[in-house]
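These notes concern the structure reproduced below.
The values are calculated or read from the model by the stated rules, or taken from the named source; none is laboratory data. The structure displayed is predicted, hence computed values, not measured ones. We place every Cβ from the backbone using ideal geometry, glycine too, and count neighbours over all the protein chains shown.
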Amino acid sequence: TQRSITVLPGDGIGPSIVAAAIKILDAAGCQFQYDYADAGLSALEKYGELLPQTTLDLIAKNKVALKGPLTTPIGGGFTSINVTLRKHFNLYANLRPVVSFAGTQSRFENIDIITIRENTEGMYSGAGQTRALDNSSAEAMSIITHEGAERISEFAYQLAVKEGRKKVTIVHKANILKSTSGLFLEVAREVALRYPQIETNEMIVDAVCMNLVMYPERFDIIVTTNLFGDIISDLCAGLIGGLGMAPGANIGKEVAIFEAVHGSAPDIAGQNIANPCSVILAAIQLLEHLNMQDQAELIRAAIKKTLAQGKTITQDLSGSASTTEFTDAIIANL
Ligand code: NAI
Ligand code: MG
């Protein structure tokens, strides 16, 4: 029987880069059946809501989804759809790998870093958001639980073991955020003790930023809280050619949603110039999640070859090809 996956084309550049990824999955012989669903601005226009129940049902049905970026309208009291999705399906682990490809014109050559970001708590818990009526002050609550810190740390160390990696860096700000970041650090340390074969180090988030830019080779797996992970993973994308090269998996016990790290890029939407690699690499993560390693490797090799040839690549990578030309070049290299 054919495996079904749920596809959310999303907003802005989403539909074009998701279409590119689907074309490549098909060309690689994956034989998926796709259940398309709306979310974000496109859903708001069609159904009057950002995240329709039918979309949630389709994600729950197939357990895996490939998702384009979603635009959350600013103002109007909308909470982020991404945050809502992650909380709804309890997608507690956000796995964001960055790997260098030759030909991307980036500053470094041998980057291979995975940021494991806690995806449901911390500053993005959504709790206690208030604003004084006269705008004189605003508050938001950061929440760290022992359970949340433990399961994300376990996730990071288990990944290290599974992928034969050497080191986990626990990233925190426990010197200032003593209660929240302090608890996270303590729990992560406890988990680290269960994995003596993996080297552990601890680093304050500011120092991480400096070190990532100067000595990225010192990092292997990073595990951290929600806000720090969000920021650090964009920094990491900058080490390997930008947001167009950065995928992310949102993983829970039941459901997993694969997407780009970036947003809907309204500044370049509708021009057929976005780099589709972010979503194609997310599709590779999806294949690995489904234990379809052969197809995953096939597609990765085709991306690698296309980038190395350097002829048909998009503008963000200093090329001049369109999204569709780049996609077709990857397919030709499959
Ligand atoms: P963005 O990530 O959409 O864009 C930042 C910059 O990177 C822009 O200059 C854009 O053109 C460029 N860029 C992003 N992806 C690219 C690609 N594949 N190829 C070439 N260039 C690319 O961030 P921005 O503009 O702050 O956010 C736009 C919207 O996206 C907002 O509504 C935001 O809420 C939403 N968003 C959604 C996310 C998601 O669905 N996971 C994540 C982040 C933002
Ligand atoms: Mg982000």
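What the table below lists for this structure:
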{"read-out": "Selected residue (only one of ALA93, ALA65 is of a type outside the set (Asp, Glu), within 16 Å of ligand 1 (Cβ to nearest atom), in contact with a helix residue (DSSP H, G or I) (Cβ under 6 Å, 6 or more places away or on another chain) and farther than 21 Å from ASP35 by Cβ)", "value": "ALA93"}
{"read-out": "Sole exception among (1) closer than 20 Å to THR169 by Cβ; (2) buried (at least 19 other Cβ atoms within 10 Å of the Cβ) for VAL99, by number", "value": "(2)"}
{"read-out": "Residue in region 252-259 that is buried (at least 20 other Cβ atoms within 10 Å of the Cβ), in contact with a His (Cβ under 8 Å, 6 or more places away or on another chain) and over 16 Å from ALA20 (Cβ atoms) present", "value": "yes"}
{"read-out": "Count - residues of region 268-316 that are within 11 Å of ligand 1 (Cβ to nearest atom) and small (Gly, Ala, Ser)", "value": "4"}
{"read-out": "Hits in region 65-80 - residues which are surrounded by fewer than 20 Cβ atoms within 10 Å (Cβ to Cβ) and either away from ligand 2 (no atom under 16 Å from the Cβ) or modelled with pLDDT of 95 or more (or both)", "value": "PRO73, GLY75, GLY76, GLY77, PHE78"}
{"read-out": "Positions within region 61-81 being part of a helix (DSSP H, G or I) and either under 22 Å from SER4 (Cα atoms) or not assigned by TED's automatic domain parsing to the domain that holds LEU290 (or both), in sequence order", "value": "LYS61, ASN62"}
{"read-out": "Every residue from region 220-239 that is within 11 Å of ligand 2 (Cβ to nearest atom), β-branched (Val, Ile, Thr) and touching a strand residue (DSSP E or B) at 6+ places or on another chain (Cβ under 6 Å)", "value": "ILE232"}
{"read-out": "Cross-chain or 6+ apart pairs with Cβ under 7 Å, region 36-57 first and under 11 Å from LEU8 (Cα atoms), then surrounded by fewer than 17 Cβ atoms within 10 Å (Cβ to Cβ) and of a type in the set (D, E, K, R)", "value": "ASP38/LYS46; ALA43/GLU49"}
{"read-out": "Test: GLY248 is touching a residue at least 12 places away in the same chain (Cβ under 8 Å), crowded, with 22+ Cβ neighbours inside 10 Å and assigned to a helix (DSSP H, G or I)", "value": "no"}
{"read-out": "Selection from region 319-328 of residues that are part of a helix (DSSP H, G or I), free of Cβ contacts under 8 Å to residues at least 24 places away in the same chain and more than 16 Å from ASP26 (Cβ to Cβ)", "value": "GLU325"}
{"read-out": "Checklist (1) surrounded by fewer than 22 Cβ atoms within 10 Å (Cβ to Cβ); (2) farther than 17 Å from HIS289 by Cβ applied to LYS61, failing item", "value": "(2)"}
{"read-out": "ALA283 being touching a residue at least 60 places away in the same chain (Cβ under 8 Å), away from ligand 2 (no atom under 16 Å from the Cβ), over 30 Å from ASN211 (Cβ atoms) and not in a helix (DSSP H, G or I)", "value": "no"}
{"read-out": "Residue ID - farthest from ligand 1 (Cβ to nearest atom), chosen from residues in region 248-261 that are within 8 Å of the chain's Cα centre (by Cα) and farther than 13 Å from ARG117 by Cα", "value": "PHE258"}
{"read-out": "Set SER278, SER264: member being of a type in the set (Ser, Thr, Tyr), in the same structural domain as LEU85 (by TED's automatic domain parsing), within 16 Å of ligand 2 (Cβ to nearest atom) and not in a helix (DSSP H, G or I)", "value": "SER264"}
{"read-out": "Candidate set from region 184-211 (those that are part of a helix (DSSP H, G or I) and touching a strand residue (DSSP E or B) at 6+ places or on another chain (Cβ under 8 Å)); member that is surrounded by the most Cβ atoms within 10 Å (Cβ to Cβ)", "value": "PHE184"}
{"read-out": "Identity of the residue in region 21-50, within 14 Å of ligand 1 (Cβ to nearest atom) and buried (at least 24 other Cβ atoms within 10 Å of the Cβ), that ends up nearest to ILE74 (Cα to Cα)", "value": "GLY40"}
